[in-house]
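The structure under discussion appears below in the form of structure tokens.
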Amino acid sequence: MVIFMLSLKDGEFLVKLARKAVEVYLREGKIIDPPEEVSEKLKEKRGVFVTINTFKPKELRGCIGFPEPIYPLVEATIKAAIHSATEDPRFPPMMEEELDNVVFEVSVLTKPELIVVK
């Protein structure tokens with residue numbers, strides 16, 4: 001089994017990427033392109049969830065993701081962030097005015113493994 005570890009720098013990059021994707025989408029209606037100059041780990045197909053919370057009080061504002069590794073991690077992060085902000089069926093779409101009052105969290109998933117039960 002190969003262990004997949006992200007660096008703190010990669011983690012910070014993904015959180016900033018999620019926020020930037022939502023900011024641009026809410027302000028301009030555009031989906032940003034995945035950055036090309038990233039580490040090889042961020043180009044691997046991975047499952048990911050982006051969670052958005054308010055911070056006073058801390059409450060869930062949106063959480064959407066891809067449990068299966070169908071997109072490269074940077075692309076999946078962008079898509080999940082936008083969906084979390086605008087398409088979580090539990091909440092109305094996020095408004096631009098909310099951006100200063102939310103925190104983004106990115107959860108990168110390991111590749112699914114088959115569990116055999118006998």
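Which of (1) open to solvent by less than 20 Å² (accessible area, probe 1.4 Å); (2) more than 23 Å from K9 (Cα to Cα) is the odd one out, the single condition A21 does not satisfy?
(2)
Can you name every residue in segment 77-106 that is assigned to a loop (DSSP other than H, G, I, E, B), over 15 Å from I31 (Cα atoms), of a type outside the set (K, R) and open to solvent by 50 Å² or more (accessible area, probe 1.4 Å)?
Scanning segment 77-106 gives P89, F91, P92, P93, M95.
Among (1) open to solvent by less than 70 Å² (accessible area, probe 1.4 Å); (2) modelled with pLDDT under 95, there is one condition E40 misses while meeting the rest; what is its number?
That leaves (1) as the condition not met.
Just a yes or no: is a residue in segment 62-80 in contact (Cβ under 8 Å) with a residue 60 or more places away in the chain and touching a Ser or Thr at 6+ places or on another chain (Cβ under 8 Å)?
no
Would you confirm whether or not segment 69-76 contains a residue that is open to solvent by 60 Å² or more (accessible area, probe 1.4 Å) and in contact with a helix residue (DSSP H, G or I) (Cβ under 7 Å, 6 or more places away or on another chain)?
Yes, the conditions are met somewhere in segment 69-76.
Every residue in segment 1-60 that is closer than 17 Å to A85 by Cβ, of a type in the set (A, V, I, L, M) and free of Cβ contacts under 8 Å to residues at least 60 places away in the same chain, please.
V24, I31, I32, V50, I52, L60
Yes or no: segment 44-59 includes at least one residue that is hydroxyl-bearing (S, T, Y), surrounded by 14 or more Cβ atoms within 10 Å (Cβ to Cβ) and closer than 18 Å to V103 by Cβ.
Yes, segment 44-59 contains at least one residue that is hydroxyl-bearing (S, T, Y), surrounded by 14 or more Cβ atoms within 10 Å (Cβ to Cβ) and closer than 18 Å to V103 by Cβ.
Return the only residue of L26, L60 being over 16 Å from V74 (Cα atoms) and in a strand (DSSP E or B).
L60
Just give me the residues in segment 107-118 being loosely packed, with under 11 Cβ neighbours inside 10 Å and of a type in the set (D, E, K, R), in sequence order.
The answer is E113, K118.
Filter segment 107-118 for residues that are part of a loop (DSSP other than H, G, I, E, B) and out of contact with any Pro (no Cβ under 8 Å at 6 or more places or on another chain) and give the result.
T110, E113, L114, I115, V116, V117, K118, listed by residue number.
The values are calculated or read from the model by the stated rules, or taken from the named source; none is laboratory data. Remember, predicted model here, so these are calculated numbers, not experimental data. Here Cβ is always computed from backbone atoms with ideal geometry, including for glycine, and neighbour counts include all displayed protein chains. We work out accessible area using only protein heavy atoms, side chains counted, and drop any ligands, DNA or RNA first. Shrake-Rupley method; radii C 1.70, N 1.55, O 1.52, S 1.80 Å.
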